[in-house]
Amino acid sequence: METRFRAQSLSYKEAMTYLFLGIVFLILETTAWSWVDPAHCRPNLILILIVYLGMAIPLITGSILIVCFGLLTDTASGGPAGLFTIVYLLIFGITVLMRQRLEPTTIFYQMIVILLLAVLAETMIWCILSIYGWPLEIIFAPSRGLFIVAQGVSVLLTAFVSPVFFWFFERIRFTNGQQTGDEV
Amino acid sequence: MLRYWRPILLAVFFIIFIVIFVRWTGGQKEAFNPAGFSMEVVASFQNIVTGSALAIENFWRGYFYLVNTQEENKTLRKTLAQFRATNNGLREASLANERLKKLLNFQTSHDLPVIGGQVVAYDPKAWFKTIVINRGKADGLRISMPVVADGGAVGRIVELTAHYARVLLLIDYNSSIDTLVQRTRVRGVLSGKSAQTCELKYVLKHDDLVRGDVLVTSGLGGVFPKGLKLGKVARVRKINHDLFLEVEAAPAVDFDKLEEVLVILKEDSLL
């Protein structure tokens, strides 16, 4: 099974659809998902969307959307202002710049790419928090053992479910493209 | 002679037919009855038609019966679902009642002006421990107001909008609360680690502290009133070269199950 993505500019309707999806994912993460999974062992759906957009749309158009996702996450989270905006933009930028090499040709490769980018995103958060004064060893503290496990499970789940969401995002793009008459 | 072969043949066939028919009914006591014969034939058709009609009628009735049963089943299921929802709602109301009673007990025992709030959102990322409650500036909330639950202290308000407030939980890395050990009055600072446990810092090595000691707010720092329960000492470790004890504390409140909170409305908030 192969997947191919081509970078094309977004129509207004597509952009709104992806923004809406991002908001839905964020609301899900802060409410329903938190009730059933307080340990945060959950896939990072926004990250999957960001990587997909990084492979599917141009840098400038996509950056606006990604900034929106980042700001929304920053608003919903208690972290330092701008943390997720920076991390999401970096992940998006890396995906766009390495699009040719990263473009997943098989589902397995796609999962590996998402896994690496999810690990990279968490590492970036960790590094930025250390600039804010968090001790680097905090995630290795014995009391945070569960945190590391939860993060590991979260990263694996993100990679595992990514093909389904890539297919879903691609369908949205295809459907919107057909309706608006865009070439997909 | 050949001219009459047709009537002769007809007569022969008729005789043969009569003979065969008489032979056929010969075993029976009743003599051949043409009316009975015709009735037999007609009745056979009637039987077939009636049988088919009955079958159709049965099928039709069965169908309608099934449709009715299905409808009835649907109605019953709907009613059952409604009862289940009501039952669940009552159970939830009962649980909420218990929780609110505990909160009320807290309010009466501490005699502080408070306002209740409901948790509407949790932090989307595991790195940070904050919640959003459905009370804001419009309800009289201010930055740094303390938030409590039935178990004890929850955290303090760090962000405010007109109708919502973000609460920094005491388990967040950015949280630090001046603390007293209830039994020995030893002081320390309870710091969050963005995990399910906290760390009690700056407790001197020679201080009296054992596992299970209750930790309360000292009232210093200007955020929390004195005597609010924070948690218990979960682990104490002495490190040879260190000046202070390494103390791990378990919070009094289960943050994963937090649904309702009380905000202590104090005028002398920090900001």
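Coordinate-derived values only; no laboratory data. Here the structure is a predicted model, which is why all the values come from computation and not from measurement. Here the Cβ is made from the backbone with ideal geometry for all residues, glycine too, and neighbour counts use every protein chain on show.
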Next on the checklist: To make sure I understand the rule: partners must be lysines, Cα under 21 Å from the Cα of B:K125, and not fewer than 8 residues away in the same chain. Which ones qualify?
Outcome noted: B:K193, B:K257
Checklist entry - Taking amide hydrogens as modeled 1.01 Å from N in the peptide plane, which residues meet the under 5 Å criterion relative to B:A249, leaving out close sequence neighbours? => result B:C198, B:E199, B:L200, B:A234
Checklist outcome for this item: By the mean-Cβ-within-10 Å protection proxy, highest first, B:174-185, B:123-134, A:84-95 rank as B:123-134, A:84-95, B:174-185
Checklist outcome for this item: Expressed as a whole number, the average count of other chain Cβ atoms within 10 Å around the Cβ atoms of A:69-82 is 4
Next on the checklist: What is the sum of charges, Lys and Arg at +1 and Asp and Glu at -1, for the other residues whose Cβ falls under 14 Å from the Cβ of A:V164?
Outcome noted: 0
Next on the checklist: Could you compute the net charge surrounding B:A162? Neighbours are other residues with a C-beta less than 15 Å from the C-beta of B:A162; K and R count +1, D and E count -1.
Outcome noted: +2
Next on the checklist: For peptide B:134-142, what's the mean number of Cβ atoms from other chains within 10 Å of each residue's Cβ?
Outcome noted: 0
Item to check | Spin-label pair B:Y65/A:V36, simplified geometry with 7 Å Cα→Cβ offset, distance in nm | outcome: 4.2
